[in-house]
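See below for the structure under consideration.
Each reported figure results from applying straightforward, stated rules to the coordinates on display, with no laboratory input. Fair warning: this is a prediction, and the values are worked out from it, not measured in the lab. Heads up, the Cβs are rebuilt from the backbone with ideal geometry, glycines too, and the neighbour counts pull from every protein chain shown.
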Amino acid sequence: MDADKERCGRHPDSQYVELAVEVFAMLADATRVRVILALRDGERSVNSLAEEVGKSPAAVSQHLAKLRLARIVGTRQEGTRVFYRLENEHASQLVSDAIFQAEHSLGGTPWHHRHERRPSPSTVEGDRE
């Protein structure tokens, strides 16, 4: 059983701990997180991403280069244009989980709870009868 833990990297002495730290370091930048969120809906050009995240195309290109080296995003070229897409759903899930955690730890009611449909009082009372 311990061999399974070591093989999958979930043991504290695992060689993958340093790699996990590198992934977290890559995601420890607001612009890169915003880029990952923007790419969840599909591939985008640098200019489109720059507009979405409110940064210059040059700045976004620098961040995309880092994400590409980390194999979090991939590219497709169409003529002279380059389109970026998520290559690593795990990184996207880490970002989603971190945002979910932040929403719930800050107090108040997270957006997704405020917009849930709740039963009306009459429906609840009717269920009690």
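Efficiency by 1/(1 + (r/R0)^6): what FRET value for Arg71 and Ser105, r their Cβ-Cβ distance, R0 = 25 Å, to the nearest 0.05?
So, using R0 = 25 Å, E works out to roughly 0.25.
Can you give me the long-range amide H partners of Val82? Hydrogens built in the peptide plane at 1.01 Å from N, cutoff under 5 Å, separation of 5 or more residues or another chain.
Correct list: Val46.
Quick check: net charge around Thr75, other residues with Cβ under 14 Å of its Cβ, Lys/Arg +1 and Asp/Glu -1?
+4
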